[in-house]
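Below is one structure, written out as structure tokens; comments come after it.
The values are calculated or read from the model by the stated rules, or taken from the named source; none is laboratory data. Just so you know, these numbers come straight off a predicted model, no measurement behind them. All Cβ positions, even for glycine, are placed from backbone atoms using ideal geometry, and neighbour counts span all protein chains on display.
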Amino acid sequence: MSYSKKLNMKPFQILLVSTFFLLSINTISAQYGNGYGYGNSSYGRNNRMSQMNNAGPERSQPKEIPVEVTVGKITDRLKTELALDELQVIAISNILTQSMRTQGIIIKQETSQEDKIKDIKALSDITDSKVMVLLNKEQKEKYIILSEEMKNSKKTKSDKKSKKKSDEKLETKTEVKPEEKLEEKPKE
């Protein structure tokens, strides 16, 4: 009978030892911050969470250039090209800042692309007319030429991009697949 008691005790002992082992592992991992660091403090967990929080926005959005920086570059160029005085520079920079902020609002609107383009063109015309009021006759002529050059350079850049894309599309369309070559051969 002692042999049957040993068999009955064996599963009980295995269960008891297994339970003890599992509980001790849980306790050990809790002391080490559940795998986030050493000790009973939450240093490791907080540090990793702050790293995750810092990494999220950097990946999701590209860094925007402030409006003032862009306006500064434009007014510097206009100042040298048109020989503007300080009062004109200040007034034009205020006009351009307001225009760029409005343009940002237009871009973020949930309207069709065509409506956005129309609104931006209208805003550009209004901005140009406000700037033209501040300029003398010589400056107006230079400003018109300069704005045309800027528009043409933007068009050539976009034309180059669209030409590159259309060339890539043509290359993929004109490639002949081996199966098509076989089909084209006349049968003898």
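Some points to look at:
- Every pair of residues 6+ apart whose Cβ atoms lie under 8 Å, when the first sits in the range 69-82 and is assigned to a helix (DSSP H, G or I) while the second is basic (Lys, Arg): 81/142; 82/142
- Taken together, the residues in the range 125-155 that are among the acidic types (Asp, Glu) and within 15 Å of residue 74 (Cβ to Cβ) amount to 2.
- Only one entry in 99, 4, 93, 24 is surrounded by 10 or more Cβ atoms within 10 Å (Cβ to Cβ) and either at pLDDT below 90 or over 30 Å from residue 139 (Cα atoms) (or both), namely 24.
- Considering the conditions (1) at pLDDT 65 or above; (2) more than 30 Å from the chain's Cα centre (by Cα), residue 184 is excluded by exactly one of them, (1).
- Residue within the range 69-78 that is under 21 Å from the mean Cα position of the chain (by Cα) and β-branched (Val, Ile, Thr) present: yes
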